[in-house]
Amino acid sequence: METQITTKFRIYRSAKEVFEAIVDPEKIGNFWFSSSSERWEEGKMITLRYEEYDAEGIINVIEIDRNKKIVFKWGAEHDNETIVTITINELEKMNTIIEISESGFKEEDPEVVNMMTDQKGGWVYMLSCLKSYLENDVKNLRASLVH
């Protein structure tokens with residue numbers, strides 16, 4: 001079984017704007033986590049918080065290619081570490097494709113299909129919030145998903 005999920009969105013903003021929304025702790029709270037401990041840079045361990053759910057997680061930033069690519073690991077504290085690759089491809093000015101792939105789900109886990117489905121839904125939701133934030137300055141969608 002392929003243990004990778006991929007989600008793609010078109011965002012009508014520059015690659016730089018998309019990249020900065022993710023790595024800048026001042027911006028990430030407008031669409032994804034409520035806070036990020038610091039700017040995302042290669043080799044850093046970043047603490048991400050969801051105040052609304054009283055939850056936090058740590059990511060290990062593996063690779064940064066400014067305005068093009070972000071790779072990180074997460075989930076180690078829950079013994080289900082996966083690798084997330086965010087690719088940002090500016091087709092033309094103000095027309096960018098963002099693709100998120102998450103891999104490393106454990107095939108032998110009896111819940112692997114549910115986990116992958118939940119993660120896919122989470123990425124679709126995150127990208128929807130990112131698109132709304134960057135294209136229309138909507139900042140109140142982030143914590144609206146109810147499980």
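The values are calculated or read from the model by the stated rules, or taken from the named source; none is laboratory data. Here the structure is a predicted model, which means the values were calculated and not measured. Here the Cβ is made from the backbone with ideal geometry for all residues, glycine too, and neighbour counts use every protein chain on show.
One table, with the values for the structure above:
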item	result
Glu42 being charged (D, E, K, R), outside any helix (DSSP H, G or I), buried (at least 19 other Cβ atoms within 10 Å of the Cβ) and at pLDDT 95 or above	no
Residue satisfying condition, being within 19 Å of Asn136 (Cα to Cα), out of contact with any Phe, Trp or Tyr (no Cβ under 9 Å at 6 or more places or on another chain) and without any contact (Cβ under 8 Å) to a residue 40 or more places away in the chain, within set Glu38, Glu20	Glu20
Residue match in the range 124-133 (condition: of a type in the set (S, T, N, Q) and loosely packed, with under 14 Cβ neighbours inside 10 Å)	no
Matching residues, the range 1-25, being assigned to a helix (DSSP H, G or I) and closer than 24 Å to Tyr50 by Cβ	Glu17, Val18, Phe19, Glu20, Ala21, Ile22, Val23, Pro25
Whichever residue in the range 89-114 is crowded, with 19+ Cβ neighbours inside 10 Å and more than 12 Å from the chain's Cα centre (by Cα) and, among such residues, is nearest to Lys68 (Cα to Cα)	Glu90
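Residue-wise test of (1) in contact with a Lys or Arg (Cβ under 6 Å, 6 or more places away or on another chain); (2) farther than 17 Å from Glu135 by Cα.
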{"position": "Glu17", "(1), (2)": "no, no"}
{"position": "Phe31", "(1), (2)": "yes, no"}
{"position": "Glu38", "(1), (2)": "no, yes"}
{"position": "Glu41", "(1), (2)": "no, yes"}
{"position": "Ile46", "(1), (2)": "no, yes"}
{"position": "Ile58", "(1), (2)": "no, yes"}
